[in-house]
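Colleague: Dumping the structure here so I can ask a few things about it.
The values are calculated or read from the model by the stated rules, or taken from the named source; none is laboratory data. Nothing here was measured: the structure is a model prediction, and the numbers come from that model. Here the Cβ positions follow ideal geometry from the backbone for every residue, glycine too, while neighbour counts run over all protein chains shown. For the accessible areas, the whole protein counts, side chains as well, though only heavy atoms, and no ligand, DNA or RNA atoms are used. Shrake-Rupley method; radii C 1.70, N 1.55, O 1.52, S 1.80 Å.
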Amino acid sequence: MYLLGEQPAYADHLITRLQRIPSQLLAGLAPSGSSLRVDATDDLGSVLPTHQLFMIESGLVHARIDGRPLFYLQEGDLIGLRQASDLPGWVYCADEPVLLRPFARSAVFTHIHADEERQELFLQYLVGQTALLSDALARLKQPEIRPTTGFQQFASGAELIHQGDDADHVFIIIDGAADAYVDGLKVGDVQKDEIFGAMALFTGERRSATVIAREPCTVMVIPRDQFLGLMQTNPRIAHSLIESMARRIDLLNKEVTQLKLGLAS
């Protein structure tokens, strides 16, 4: 996926990383049939079956909103993933013939769910694309659309989130790293590409930890409603995220217990 127009350098870096993910997600999965050739069309979605996903083998596919181009897809990109519910719909079109490799939608999600690494990659792919597209829409249609998704930069030592605050957003570090603290005690770290801040969205409680930038960080910010909508439209990814959070909770609980025992002795 490539956005049209200028964007910050960190958005370019994110796009480059997202571009590599589809081939990793589908590695080892056989196509559901022969490649499909589609001639130039103003509405590619109308000629493609909804029960399949497609990887572009050749050609360019443009996405337009109200007739205006927003981004384009090329070789290696996926077509057919459900769009985020709170983003305006766009129409895929092609000015030249495109060759598409089909995959059964159910088989793709089963394949992804069978491997934890693919689950994490898919979650990064969906969240990353949602943030990038919201950012592009803000530039395209302001003030009609004002998505709160975007990118924030934090200096070393700055708080990304604070223990006890309301939880309105989920975050993912695009560049940099941070440390997590509970009651002033360090309980873990947050690495590049890691999603954090999601637990409080599911529990409805306040932030359980403070996260402080260990080095300068660029952070993608996803609003609560947008993130929960993404999870609802992709239940397998929601399940994998919950499993990941459960493992992290167990690890943090053990680390906090050990720290408190050490302080008490």
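Colleague: Which residue pairs have Cβ atoms closer than 6 Å, lie 6 or more positions apart in sequence or on different chains, and pair a first residue in segment 207-228 that is open to solvent by 10 Å² or more (accessible area, probe 1.4 Å) with a second residue that is acidic (Asp, Glu) and not in a strand (DSSP E or B)?
Modeller: Arg207/Asp165; Arg224/Asp168; Gln226/Asp86
Colleague: Scanning for something of a type in the set (D, E, K, R) and at pLDDT 85 or above, does segment 64-78 turn up at least one residue? Step through it out loud before you land on a result.
Modeller: Looking only at segment 64-78, we keep the residues that are of a type in the set (D, E, K, R), and these are 64, 66, 68, 75, 77.
Applying the additional criterion that residues be at pLDDT 85 or above yields 75, 77.
Yes, segment 64-78 contains at least one residue that is of a type in the set (D, E, K, R) and at pLDDT 85 or above.
Colleague: How many residues does segment 148-185 contain that are polar (S, T, N, Q) and open to solvent by less than 20 Å² (accessible area, probe 1.4 Å)?
Modeller: The number of residues fulfilling the criteria is 1.
Colleague: Separate question: Is there a residue in segment 28-40 that is in contact (Cβ under 8 Å) with a residue 60 or more places away in the chain and in contact with a His (Cβ under 7 Å, 6 or more places away or on another chain)?
Modeller: Scanning segment 28-40, I find at least one residue that is in contact (Cβ under 8 Å) with a residue 60 or more places away in the chain and in contact with a His (Cβ under 7 Å, 6 or more places away or on another chain), so the answer is yes.
Colleague: For Ile56, only one of the following conditions fails: (1) modelled with pLDDT under 85; (2) assigned to a strand (DSSP E or B). What is its number?
Modeller: (1)
Colleague: Further question: Determine if segment 111-123 includes at least one residue that is modelled with pLDDT under 80 and within 16 Å of the chain's Cα centre (by Cα).
Modeller: Yes, some residue in segment 111-123 is modelled with pLDDT under 80 and within 16 Å of the chain's Cα centre (by Cα).
For (1) surrounded by fewer than 17 Cβ atoms within 10 Å (Cβ to Cβ); (2) closer than 14 Å to Glu96 by Cα, each residue gets a yes or a no:
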| position | (1), (2) |
| --- | --- |
| Asp12 | yes, no |
| Ser23 | yes, no |
| Ala27 | yes, no |
| Ala30 | yes, no |
| Gly33 | yes, no |
| Asp42 | yes, yes |
| Phe54 | no, no |
| Arg68 | yes, no |
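Colleague: Another question, then. On the basis of being outside any loop (DSSP other than H, G, I, E, B) and modelled with pLDDT of 85 or more, does Leu201 make the cut?
Modeller: Judged against the criteria, Leu201 is not a match.
Colleague: Further question on the same structure: Of the residues Ser134, Ser156, which single one is of a type in the set (Ser, Thr, Tyr) and at pLDDT below 75?
Modeller: Result: Ser134 is the single residue among Ser134, Ser156 that is of a type in the set (Ser, Thr, Tyr) and at pLDDT below 75.
Colleague: Still on this model: Any chance segment 236-249 includes a residue that's hydroxyl-bearing (Ser, Thr, Tyr), closer than 20 Å to Ala167 by Cα and either assigned to a loop (DSSP other than H, G, I, E, B) or modelled with pLDDT under 75 (or both)?
Modeller: yes
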